[in-house]
Amino acid sequence: MPESILVVEDETLVRDLIVLNLEHMGYAVVATDSFAAGYRALLLESPSLAIVDIMLPDGDGFALTRKARDSGVLCPILMLTARSDAADKVRGLDCGADDYLTKPFDVTELLARVRALLRRQAGQKTPPVRYELGRFWVRLDTGQALTNEGELSLSDKELRLFTLFAKQEDRVLSRADILEEVWGMDAFPTDRTVDNFVLRLRKLFEEDSDSPQHFITLRGRGYSFRRVPHTG
């Protein structure tokens, strides 16, 4: 069953653009154009995620988000606005939004943020602070690790990548997913950057980095992390 997304946007062209691209990605989409209709849909449709414009004809996205949270709506909310003021971003997050995107936006960035929010909502595992991987271990709070090179401190990006894998054990992570989560939207690394960091983790934590059992390449899809190597 596809994940459902609610779009609350009164600008027809913007709403249609969002709906078209979400449906193309396989999501089930419900679209509304007002505060009242959006609030009803949040309660009745129980979407996996909501995209809410701040400027609505009968209210604003700030109030809608706050009212939804007060009513027990837990789904991620991505706010859209033509305003670029940092104070508005802070206000949106304080009202209960999970992310914020300024118009005009790039559709690929919107879809990337949707994927990231849904991935978090799907229920990441909460790994132990001392994460053991065979005879090796990593302290996820400090970055201290026992590796093939002895005990050392992982770099910030190495630790963030390892933690992402630990939280998403056995799930497929595309290079785009990894870039979003580890490097963020405002950085400009390449797919090759991801490959190099995965190679580094293999050298640190694989018994044989040329035949990895934990950090697995899935050709054309990305990577999957296996704490316990699969057999057979």
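At-a-glance table
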quantity: Test: residue in the range 120-131 that is under 21 Å from E206 (Cβ atoms) and either β-branched (V, I, T) or touching a Phe, Trp or Tyr at 6+ places or on another chain (Cβ under 7 Å) (or both); calculated: yes
quantity: Only one of F62, F35 that is open to solvent by less than 10 Å² (accessible area, probe 1.4 Å) and more than 23 Å from R119 (Cα to Cα); calculated: F62
quantity: Test: residue in the range 183-193 that is crowded, with 16+ Cβ neighbours inside 10 Å, in a helix (DSSP H, G or I) and either of a type outside the set (F, W, Y) or modelled with pLDDT of 90 or more (or both); calculated: yes
quantity: Test: residue in the range 71-85 that is assigned to a helix (DSSP H, G or I) and open to solvent by 20 Å² or more (accessible area, probe 1.4 Å); calculated: no
quantity: Flag for D16 being surrounded by fewer than 14 Cβ atoms within 10 Å (Cβ to Cβ) and either under 18 Å from D98 (Cβ atoms) or free of Cβ contacts under 8 Å to residues at least 60 places away in the same chain (or both); calculated: yes
quantity: Out of K89, K67, K103, sole residue that is closer than 23 Å to S4 by Cβ and open to solvent by 20 Å² or more (accessible area, probe 1.4 Å); calculated: K67
quantity: Residue in the range 131-151 that is farthest from S209 (Cα to Cα), counting only those that are in contact with a helix residue (DSSP H, G or I) (Cβ under 8 Å, 6 or more places away or on another chain) and open to solvent by 30 Å² or more (accessible area, probe 1.4 Å); calculated: L140
quantity: Test: R175 is open to solvent by less than 70 Å² (accessible area, probe 1.4 Å), charged (D, E, K, R) and either under 25 Å from R115 (Cα atoms) or out of contact with any Leu (no Cβ under 8 Å at 6 or more places or on another chain) (or both); calculated: yes
quantity: Answer residue from the range 132-177, given it is in a strand (DSSP E or B) and among the β-branched types (V, I, T) and is nearest to F225 (Cα to Cα) among those; calculated: V172
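The values are calculated or read from the model by the stated rules, or taken from the named source; none is laboratory data. These numbers come from a predicted model, not from an experiment. Neighbour counts are summed over all protein chains in view; Cβ atoms, including those assigned to glycine, are modelled from backbone coordinates with ideal geometry. For accessibility, only protein heavy atoms count, side chains too; no ligands or nucleic acids. Shrake-Rupley method; radii C 1.70, N 1.55, O 1.52, S 1.80 Å.
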